[in-house]
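Peer 1: So that we are looking at the same thing, I have put the structure below in structure tokens.
The values are calculated or read from the model by the stated rules, or taken from the named source; none is laboratory data. Keep in mind that this is a model prediction, so the values were computed, not measured. Here the Cβ positions follow ideal geometry from the backbone for every residue, glycine too, while neighbour counts run over all protein chains shown.
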Amino acid sequence: MSLAAGPAFSQTEETTETTETEQAETTENGLSLGEPVQNGPEIGEQYIAETFGDWGLRCLKTEAETDPCQLWQLLRDNDGNAVAEIAINPLPAQGRAVAGANLIVPLETYLTEQVTIQVDQSKGRQYPFAFCTQIGCVARIGLTAEDIAAYKAGAGAVVRIVPFAAPDQNVILPLSLTGFTAGYNALTGG
């Protein structure tokens, strides 16, 4: 089938009326050249404002002058499949945790095995899951100043989850720390 072929059916004059702009966006053989995409996200949409290595500054478009943002990374398995995501938010300086993180994993995760995050060769820390929604199960993680320092200084990290269907196996997901320091500093203004 040729794209340059004429229309497969005839149109009435009412349906072929177009504006000058639409006519300018169509070639002589009726092919559309497209229309410019609207600039920026609409209110309520998430967008990546900036990237820092493997981390993104993911923001939510609001009517406010400054959109709320979080430091975000999509975690992939060895085959490149998206498996989990982590989003880090700074917290007010009121307690031991200076930042909070939401780690979202697939629904078919064995929840009682919890989730483990290990930076470099450290012992690692285990976190319980708080709840599940349609998009996955969430571990709500408090990060201390020491944790943030380890992420900034670390060469790499891994996240370990256990699938419900295979409780004798571990799924190890690389958590890149490339760009973490620059991204966290941009997020916190530090």
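Peer 1: Mind listing just one residue for me: the one in the stretch 43-64 that is in contact with an Asp or Glu (Cβ under 7 Å, 6 or more places away or on another chain) and among the hydrophobic types (A, V, I, L, M, F, W, C) and, of those, modelled with the lowest pLDDT?
Peer 2: ILE43
Peer 1: For a quick check of your reading of the model, give me the residue pairs whose first member lies in the stretch 154-182 and is under 17 Å from ALA101 (Cβ atoms), whose second is small (Gly, Ala, Ser) and exposed (fewer than 14 other Cβ atoms within 10 Å of the Cβ), with beta-carbon atoms closer than 7 Å and at least 6 apart or on different chains.
Peer 2: Matching pairs, first to second residue: PRO174/GLY156; SER176/GLY156; LEU177/ALA155; LEU177/GLY156.
Peer 1: From the list THR188, THR181, which one is among the polar types (S, T, N, Q) and crowded, with 16+ Cβ neighbours inside 10 Å? I'd like the intermediate steps shown before the answer.
Peer 2: Working: THR188 fails: crowded, with 16+ Cβ neighbours inside 10 Å.
THR181 is the lone residue from the list that is among the polar types (S, T, N, Q) and crowded, with 16+ Cβ neighbours inside 10 Å.
Peer 1: Would you confirm whether any residue within the stretch 93-109 is over 28 Å from GLN46 (Cβ atoms) and more than 19 Å from the chain's Cα centre (by Cα)?
Peer 2: Let us first name the residues in the stretch 93-109 that are over 28 Å from GLN46 (Cβ atoms), namely 96.
Okay, now just the ones that are also more than 19 Å from the chain's Cα centre (by Cα), so 96.
Scanning the stretch 93-109 turns up at least one residue that is over 28 Å from GLN46 (Cβ atoms) and more than 19 Å from the chain's Cα centre (by Cα).
Peer 1: Of everything in the stretch 151-160 that's of a type in the set (Gly, Ala, Ser), under 22 Å from the mean Cα position of the chain (by Cα) and not in a strand (DSSP E or B), which residue is surrounded by the most Cβ atoms within 10 Å (Cβ to Cβ)?
Peer 2: So the first thing to find is which residues in the stretch 151-160 are of a type in the set (Gly, Ala, Ser), and the list is 153-157.
When the remaining residues are screened for being under 22 Å from the mean Cα position of the chain (by Cα), the result is 154-157.
Filter again for not in a strand (DSSP E or B), leaving 154-156.
Numbers: GLY154: 18, ALA155: 10, GLY156: 12.
Taking the candidates together, the pick is GLY154.
Peer 1: Pairs please, first residue from the stretch 131-152 and more than 22 Å from ASP54 (Cβ to Cβ), second anywhere and among the small types (Gly, Ala, Ser) and surrounded by fewer than 20 Cβ atoms within 10 Å (Cβ to Cβ), Cβ atoms under 7 Å, 6+ apart in sequence or on different chains.
Peer 2: Filtered contacts from the stretch 131-152: ARG140/GLY100; ARG140/ALA130; GLY142/ALA97; GLY142/GLY100; THR144/ALA97.
Peer 1: Just one of PRO163, PRO174 is modelled with pLDDT of 95 or more, within 20 Å of TYR110 (Cα to Cα), within 21 Å of the chain's Cα centre (by Cα) and not aliphatic (A, V, I, L, M); which is it? Lay out the reasoning, then the answer.
Peer 2: Details: PRO163 fails: within 21 Å of the chain's Cα centre (by Cα).
The match here is PRO174.
Peer 1: Consider ARG96 against the criteria (1) in contact with a Gly (Cβ under 8 Å, 6 or more places away or on another chain); (2) surrounded by 13 or more Cβ atoms within 10 Å (Cβ to Cβ); (3) of a type outside the set (Phe, Trp, Tyr): it satisfies all of them except one. Which criterion is unmet?
Peer 2: Among (1) in contact with a Gly (Cβ under 8 Å, 6 or more places away or on another chain); (2) surrounded by 13 or more Cβ atoms within 10 Å (Cβ to Cβ); (3) of a type outside the set (Phe, Trp, Tyr), ARG96 violates only (2).
Peer 1: Tell me, which residue of the stretch 161-178 that is of a type outside the set (A, V, I, L, M, F, W, C) and in a strand (DSSP E or B) is surrounded by the fewest Cβ atoms within 10 Å (Cβ to Cβ)?
Peer 2: At the first step, the residues of the stretch 161-178 found to be of a type outside the set (A, V, I, L, M, F, W, C) are 163, 167-170, 174, 176, 178.
Cutting the leftovers down to in a strand (DSSP E or B) gives us 163, 174.
Values: PRO163: 16, PRO174: 14.
The residue in question is PRO174.
Peer 1: Between TYR110, TYR127, which is without any contact (Cβ under 8 Å) to a residue 40 or more places away in the chain and among the aromatic types (Phe, Trp, Tyr)?
Peer 2: Numbers: TYR110 fails: without any contact (Cβ under 8 Å) to a residue 40 or more places away in the chain.
Result: TYR127 is the single residue among TYR110, TYR127 that is without any contact (Cβ under 8 Å) to a residue 40 or more places away in the chain and among the aromatic types (Phe, Trp, Tyr).
Peer 1: Now for a separate question. Can you say whether ALA87 is surrounded by 15 or more Cβ atoms within 10 Å (Cβ to Cβ), under 26 Å from LEU57 (Cβ atoms) and either among the basic types (Lys, Arg) or in contact with a Phe, Trp or Tyr (Cβ under 7 Å, 6 or more places away or on another chain) (or both), as far as the supplied structure shows?
Peer 2: On the way: surrounded by 15 or more Cβ atoms within 10 Å (Cβ to Cβ): yes; under 26 Å from LEU57 (Cβ atoms): yes; either among the basic types (Lys, Arg) or in contact with a Phe, Trp or Tyr (Cβ under 7 Å, 6 or more places away or on another chain) (or both): yes.
Yes; evaluated as a whole, the condition is true for this residue.
Peer 1: Only residues that are part of a strand (DSSP E or B), crowded, with 20+ Cβ neighbours inside 10 Å and in contact with a Lys or Arg (Cβ under 9 Å, 6 or more places away or on another chain): list them for the stretch 120-150, please.
Peer 2: ILE141
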